[in-house]
Amino acid sequence: MTVYSGGEEEKEDDGPSAAELRLPKSVKPVSYDLTLKAYLPSYTEFPHEKNFTFEATVIIKLDIIEPVKKIVLNMKNIIIDNSNSSLKVDGENVAIENIVTRERLEKVEIELAKTLDRGKEVTLTLVYTGLIGDNLGGLYQTKYQDSNGTQKVAAVTQMEETEARLMVPCFDEPEFKATWKIKVIHPRGTKAISNGMKTDIEATDDWITTEFAQTPKMSSYLVAILISEFEHISGNTTKGTEFRVWSRKEATPMTRYALYAGIKCLEYYEDLFKIDFPLLKQDMVALPDFTAGAMENWGLITYRENSLLYDDRLYGPANKRRVALVVAHELAHQWFGNLVTMKWWDDLWLNEGFARYIQYFGADRISDGKMRMKEYFLLDALTAGLTRDSVSSSHPLSFKIDKASEVFEAFDSISYGKGGSVLRMMAAITGQENFNDGITQPNGYMRRQSMLYKKALIKHYLNKFKYSNAEAMDLWQAIDEKIRDKQIPGPNGNLRIVDYADQWTTQMGYPIVKVEQVNDTHVKVTQERYRKNPKASDPKKYRNPKYG
C-alpha cells in the first residue's frame, strides 16, 4: 500500500465546516484495544529523539452498516506505520491500497482493495507514533516542582472536545460509542491509571506494563490516561466501588475533603438515579497544569488543583464550596454525559445543563445541608444564564454548529446556566416528585416521593438512553411518555413538554412580561424578548421563523 497526504491539495480558507469534519455513518466502531508506550524523559535511558513521543497499536473492531471500500477515521499529528498496519475480514487479510491523510479535515482514509459487506467481522489494526505535546490537549506533558525544587514531569490526557484523535486514530464523535481496553507501557518509577481498573502489571528493569479492564461503551472524548509519580488516598463506597484521589505527593494531605465529598456524592447519585455506577473504581486527579476546571472522564476525573484541593487551615468556606460543587458536577456527568451522551455538540447543553442542575443537590448532600448549597443555584446558574442570554451574541440552547470553532463556543453559560435553569423550570412544571423522584420540593426541603411515582422522569430518561446518545427532542419525548397520564394542564388541553420546551431550546433569549393599567377594570399585558441593548439585533443564523 502507499501512503500520502492530501492536505496540500486542498483549498485554504477560514477553516472546514462542521459538515466537512463529520465522519460517514457507514462504519461504526465496536471496540478499541489500545497499547501505548510513552517516552517520558528523566526516568530511564532511551534515544533523545524519543523524548515526549509515544508508540502505539490500536486494534479496532468495526460494524459495517453499509457496504464500503474506504474506512474514514479522525486523526491529527499522528504518523501511521503502513507496513505493520492491516485489516482482516472474518479472519482473512484484506489489502490496504492507500492511506490518505486529510490534515485540514483531521481525518485519515483507509482505502481497501475490495468492498466490505454488512455482517462481516472486520478488524482494523493501525501501528503509529505521535507526540506528547505541551498544548494541554490529547496526551500532553505537565511539569511541576516537588518540595525540593526538582522538576517533575507527568503525561495526562484531555480529549474533550475533539482531541482524542491526537492520541489514537478513532471515530472521534460523541455518537460513535465503543468499549476501550487500554494497556500502557510507561517508565519504571511512574504509575499509570486509566478509565478501567488495573487488571495486570508487569515490570522490567526500565519499563512497566499496566493493563486495565475494558470500559463500558463510551464516547472517545472520555478516554483518559495518567502517567505520573502522583500519590493517592483511597476509600470505598457502601456498594464497594474503590474511590481514589491522586495528587502531587506534597498535596496529598489536601485531598481528604475531596475523597469524603466524592464518596458521599457518588453514593447519593446511585440512590437518586437508581442506576449503579458501572465501573469498579473512580479516580479523581488534581493536576498542576490543566486548561479546564475539571473533566468528567469515566472513572478518571481530572481537575485543576484549586478545584480539588482543600485544607481548612489554609482556605476559607468559599474554597470548600467550590470543591464540593465541582466534585458534584463532575460526578453528575458520570450519568449525564457519560452514561447518556448528546449525539453531537449542538446539544451540549444536555450534558452540561443536567450536571449544573444536579450538582447543587449533590453538593448539598455532601455538606448535609449545612452549606445550603441548593440556594446558590439562582445566584450561580440562573443569573449567569440570564446575563449571557440578554445580549445579541447569545445563541439558542440547541443550535446548528457550522464551524469547528463553534464546538468550543458552545461551552458557555448558555449551555451550563440557561440549560440547568430550563431543566429546573421543567421540574417545577411537571412536579418535582415526577421529574427527579422527589429529591427536593420547590421550597427546598428534602422529601422522598418515590411511593407517589416510582418511575421518575430523570430515571426514565437515563434508562431509555443509557450507553447510547440522545438529542433534546429525545428528552422531551421521554418526559411526555411519563406525564401523559398525569393530566397536567397546558395551553391547549393537557401539557405536552415537546411543544412547550421547544420554545426555550430553539430560540435565543427569554421573555419580559409588561402589565400596563388601561383603566379601572382592564390591564394590557405584552411580552417581548428582553435585550440588554434594545437596539441590538439577533444573529441571522439564530433567528427561528417558527416563533417570529
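Some observations on this one:
- Contact order normalised by residue count of the chain, Cα under 8 Å, 6+ apart, percent: 10
- If the chain linking Ile79 and Asp289 were pulled fully straight, counting 0.36 nm for each residue of separation and taking away their Cα-Cα distance, it would gain 72.9 nm.
- Extension gain (nm, one decimal) between Glu121 and Ser537, 0.36 nm per residue minus Cα-Cα: 144.4 nm
- Asn463-Thr204 pseudo-label distance in nm [points 7 Å out on the Cα-to-Cβ vector]: 5.1
- For the range 1-229, a simple Cβ point-charge model (Lys and Arg +1, Asp and Glu -1, everything else neutral) yields a dipole of about 620 debye relative to the Cα centre.
- Selection from Thr215, Ala328, Gly235, by position along the positive dipole direction of the range 176-332 (Cβ): Ala328
- Residues Ser392, Ser415 in ascending order of nearby Cβ atoms (within 10 Å, fewest first): Ser392, Ser415.
- Leading residue at positive end of dipole, the chain (Cβ point charges), from His48, Gly353, Ala19: Gly353
- Relative contact order, percent, the range 231-335 [alpha-carbon distance under 8 Å, six or more residues apart]: 26
- Among 283-290, 511-518, the order from most to least packed when residues are scored by Cβ within 10 Å on average: 283-290, 511-518
- The residues Ser85, Ser17, Ser147, Ser220, when put in order of fewest to most other Cβ atoms within 10 Å, stand as Ser147, Ser17, Ser85, Ser220.
- Remark: for residue pairs Lys37/Lys183; Lys70/Lys343; Lys28/Lys61; Lys320/Lys370; Lys107/Lys343; Lys28/Lys69, the C-alpha separation exceeds 18 Å in Lys70/Lys343; Lys107/Lys343.
- Mean separation of Cα pairs under 8 Å and 6 or more residues apart, divided by the residue count, gives the range 10-169 a relative contact order of 24 percent.
- Size of electric dipole in the range 231-335: Cβ of Lys, Arg +1 and of Asp, Glu -1, about Cα centre, debye, nearest 20: 220
- Lysines with Cα under 29 Å of Lys532, excluding same-chain neighbours fewer than 8 positions away: Lys374, Lys400, Lys403, Lys418, Lys514, Lys524, Lys540, Lys541, Lys546
- A simple charge model with +1 on the Cβ of Lys and Arg, -1 on the Cβ of Asp and Glu and nothing else charged puts the dipole of the chain at about 1980 debye relative to its Cα centre.
Any read-out appearing in this document is the output of simple, stated calculations on the displayed coordinates, not a laboratory observation. Predicted model only: the values in this text are computed from it and were never measured. When we count neighbours, we look across all protein chains shown, and the Cβ atoms used for this are built from the backbone with ideal geometry, even at glycine.
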